[in-house]
Amino acid sequence: MTVDVPQLVAQAREGRPRAVARLISLVEGASPQLREVMAALAPLAGGAYVIGLTGSPGVGKSTTTSALVSAYRKAGKRVGVLAVDPSSPFSGGALLGDRVRMSDHASDPGVYIRSMATRGHLGGLAWSAPQAVRVLDAAGCDVILVETVGVGQSEVEIASQADTSVVLLAPGMGDGIQAAKAGILEIGDIYVVNKADRDGADATARELNHMLGLGEARGPGDWRPPIVKTVAARGEGIEEFVEALDRHRAWLEKHDVLAERRARRAAREVETIAVTALRERIDDLRGDRRLGALARRIVAGELDPYAAADELVAGLTGG
């Protein structure tokens, strides 16, 4: 069923949650009208500040996200939350755990919360997350919080999808060992030690500080990620956390890094769309005579796989 995209976009701009939900559903479902939707949203997006939050399960990502929503709402900001949940093994949809834990904001018209399923996509995000962020941006959100699945060290894709990346840790969860490893603990612009009322919080903060000291050399004007201690369940340390976010945004703008990050993000999105389109065209060739002919030439020793792939790509792209 086709929808009236201009009307839907206009309603989203007015803050109507059903319109926002419908637009994100069109994105998630790879609707035939997706190109029309993105074309309509392009001139309206670009004003939101995108904050990515990641970390291992149990560190309190959802509770911290909820506390951030409260802080930004007190400041009069419209907030969008994209909570990426693991896919259900039965339905393929999101398990909705994050949305349940942020139910305090469900009745606030200045907050839009959406759970998205990874649907097998690696990196901690759903494949359609960048387009969903654009929908929330164009809908007038001042701040967009993107919470990743957070299932391990490999969930680092958020670093390329957010203006500011936040890594959350908690004492007593083996983070001291993780601090010595590559991966998720190397992507943070800000580190948050949540549940700081537990034993070991100071030790975790010290280990993080030591890790940052061993990292790449920084000049006098470079950003050094701060370490903030919070107890998000009680709202403690959230004011300092928001101040750290504000400082990082100011630094990004002062050094022209924000525009550079957003340009890289757009380039990555274009690349992903192009590669997906090519992959779909290759899938369409599974029963094509050209692919079969190339395969027979490889078996006969007339052609190597790389040369065959070059021929296939040239045929697909017209090169």
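The values are calculated or read from the model by the stated rules, or taken from the named source; none is laboratory data. As the structure is a prediction and not an experimental result, all values here were calculated from the model. For neighbour counting, all protein chains shown are included, and Cβ atoms are generated from backbone atoms with ideal geometry for every residue, glycine included. SASA here: full protein model, heavy atoms, side chains in, ligands and nucleic acids out. Shrake-Rupley method; radii C 1.70, N 1.55, O 1.52, S 1.80 Å.
List of remarks:
- Cross-chain or 6+ apart pairs with Cβ under 6 Å, region 23-41 first and charged (D, E, K, R), then not in a helix (DSSP H, G or I): Glu28/Ser128
- Note on region 142-193: among residues that are part of a strand (DSSP E or B) and of a type in the set (S, T, N, Q), the one that is modelled with the lowest pLDDT is Ser165.
- Screening Ile51 with (1) closer than 16 Å to Asn194 by Cβ; (2) of a type in the set (Val, Ile, Thr); (3) assigned to a helix (DSSP H, G or I) gives one miss only, at (3).
- Residue in region 295-307 that is under 27 Å from Leu53 (Cα atoms) and in a helix (DSSP H, G or I) present: no
- Any hit, region 50-58, residues being of a type in the set (A, V, I, L, M, F, W, C), open to solvent by less than 60 Å² (accessible area, probe 1.4 Å), in contact with a Phe, Trp or Tyr (Cβ under 8 Å, 6 or more places away or on another chain) and at pLDDT 95 or above: no
- Just one of the numbered conditions (1) in contact (Cβ under 8 Å) with a residue 12 or more places away in the chain; (2) under 30 Å from Pro130 (Cα atoms) is not true of Gly200: (2).
- Hey, Arg264 of a type in the set (Lys, Arg), loosely packed, with under 14 Cβ neighbours inside 10 Å, part of a helix (DSSP H, G or I) and in contact with a helix residue (DSSP H, G or I) (Cβ under 9 Å, 6 or more places away or on another chain) or not: yes
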